[in-house]
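Beneath this line is the structure, given in structure tokens, with notes to follow.
Derivation of every value follows stated rules applied to the coordinates shown; laboratory data play no part. Just so it is clear, the model here is predicted, and its values are computed rather than measured. Cβ: placed from backbone, ideal geometry, glycine included. Neighbour counts: every protein chain shown.
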Amino acid sequence: MIRIATIVGARPQFIKAAALTHEFRSNFKDHIDERLVHTGQHYDKRMSSLFFEELGLPEPEVTLPTFSGDHGFSTGNMLVEIEKALKHLAPDLAIVFGDTNSTLAGALAAVKLSIPVAHVEAGLRSGNRYMPEELNRMITDRISALNFAPSDGAFKQLSSEALGESSRLVGDIMYDAVKLFTGLSKLRSVSTADSSPRKVLVTIHRQENTDSDSRLYEIAHGLLAMVPDFELTLPIHPRLTSALDRIGMLDAAKQKLNIVEPLSFIETIGELRESALVITDSGGLQKEAFYLGVQCITVREETEWPETIHLGWNRLANPAEVNLCELAQSLVGSKGRAGNPFGNGNTSSKIAEEICKSDWAGYFD
Ligand code: UD1
């Protein structure tokens, strides 16, 4: 039996962990004993426990206190607390997902206790080292024993960094989650039937968009100018609420946009399916839109998912340079090309099989 500690803390990690946990519990229960550690990074009900309930995630074995604040403060405190949790659980292997501060703290705490790490969603690069996520993922890939790449590009990236030996191309676990939790086996063709050509789903939360007043002003201005041509629904992340308030645009946003609380995973999929378009800076939503055949505008300078752009389902836009409303109008009703470079939605089972191949107990000997 392999004892695993899966370390999660932020919203997208709950979704990915749910797909993997489901696989472990249904098809690998005689081989894998998995416990969850919740780092406390996301703690609001609608950012955390809602996902556990909706996706059937087991209660975490350990839930750490929350340390919101500067990156060093929050990552450092998580490191201290995760170390205690891992000492208590004494797993053979730790699993981390993606690129958040929880990912880095979890991976670092584990390797310092000589616990090998498996990194799910490894090898992604934006090339932008100002992003906290870019640093988190580069360091985590470097110290992980197994790097699970979601795409050929990510796998090649790992190989180019001399990490080929630890890397496996398994596809995107988010695709598993979309299939599993929506019951939608037929993806990429489901959207437009019941969607409204005016409805747009918007999410903005990334630090590079919220922390600069001028950048946030351009984004907010671009979105507000889309009304009344479009109806914008904005599930609002706590970081964006305070950022809009800071630049004095929260009231205007409340008046013109349909601002709602953060959505659950299934609510997000439902909202996406009714939308003509999504405007986002989220990595997860770019791919959920892609899987559901919904056009996406990514409000960033780069993306870790260039395949979605090459296939014509996604484009980058800087609202200071591009008129969002005109771009949106040009996209309504349009389609990208066929093809899915992110696997078949059986990533969880590939990961589980790969994990079971090794004897983790003596890994660092
Ligand atoms: C984090 C990840 C980001 C990921 C996102 C998913 C890092 C560096 N960033 O960003 O990569 O895309 O999660 O959603 O790890 N807050 C609340 N309630 C909550 C959660 C957060 O009020 O439940 C507040 C925090 O106190 C903080 C702000 O929102 O002031 C930002 O939260 P934080 O966890 O630091 O980063 P995210 O922006 O959520």
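With coordinates expressed along the principal axes, the C-alpha atoms belonging to region 1-157 extend over 40, 35, 31 Å, beginning with the largest. Plainly put, region 286-363 has a radius of gyration that is 1.19 times its Kirkwood radius, both from alpha-carbon atoms, as the Rg/Rh ratio.
Residues whose amide H falls under 5 Å from that of V260, counting only those 5 or more places apart or on a different chain, are L234, I236, with hydrogens built in the peptide plane. Centre-to-centre, using Cα atoms only, region 332-355 and region 1-74 are separated by 22 Å. Estimated purely from DSSP H runs of n ≥ 4, each contributing -39500 (n - 2.57), the mean residue ellipticity at 222 nm for the chain is -13000 deg cm²/dmol once divided by its residues.
Given region 209-342, report the % of alpha carbon pairs whose separation exceeds 18 Å. Cα-Cα pairs in region 209-342 separated by more than 18 Å: 54 percent.
When both bridge partners sit in the chain, DSSP labels roughly 0% of those beta bridges antiparallel.
Determine the shape class of region 253-302: with a ≥ b ≥ c the square roots of the Cα gyration tensor eigenvalues, call it rounded for a/c under 1.5, and otherwise prolate if a/b is greater than b/c, oblate otherwise. Judged from the Cα gyration tensor, region 253-302 comes out oblate (a/c at least 1.5, b/c at or above a/b).
Beta bridges per DSSP, both residues in region 211-364: antiparallel share near 0 percent. Simple spin-label estimate for R239 and R315 gives 2.6 nm between the two label positions (7 Å along the Cα-to-Cβ direction from each Cα).
Shown here are the Rg and Dmax of the Cα trace of the chain, at 19.9, 64 Å. In terms of surrounding Cβ atoms within a 10 Å radius of their Cβ, H119, H71, H38, H22 rank from fewest to most as H71, H22, H38, H119. With the Cα gyration tensor of region 72-170 giving a ≥ b ≥ c as the square roots of its eigenvalues, does the rule (a/c under 1.5 for rounded; else a/b larger than b/c for prolate; else oblate) give rounded, prolate or oblate? Cα axes put region 72-170 in the oblate bin.
Near E34, the amide H atoms lying under 5 Å from its own belong to I4; only residues 5 or more places off or on other chains count, and H is placed 1.01 Å from N.
Taking packing as the residue-averaged number of other Cβ atoms within 10 angstrom, the listed peptides 349-359, 76-86, 198-208 run from highest to lowest as 198-208, 76-86, 349-359. Along its three principal directions, the equivalent ellipsoid of region 30-70 from the Cα gyration tensor extends over semi-axes of 22, 14, 6 Å, largest first.
Stretching the chain fully between R215 and E165 yields a gain of 13.9 nm (0.36 nm per residue, less the alpha carbon separation).
Multiply the residue gap between D44 and V80 by 0.36 nm, knock off their C-alpha separation, and tell me the result in nm, one decimal place. Extra length from D44 to V80 when fully extended: 10.8 nm.
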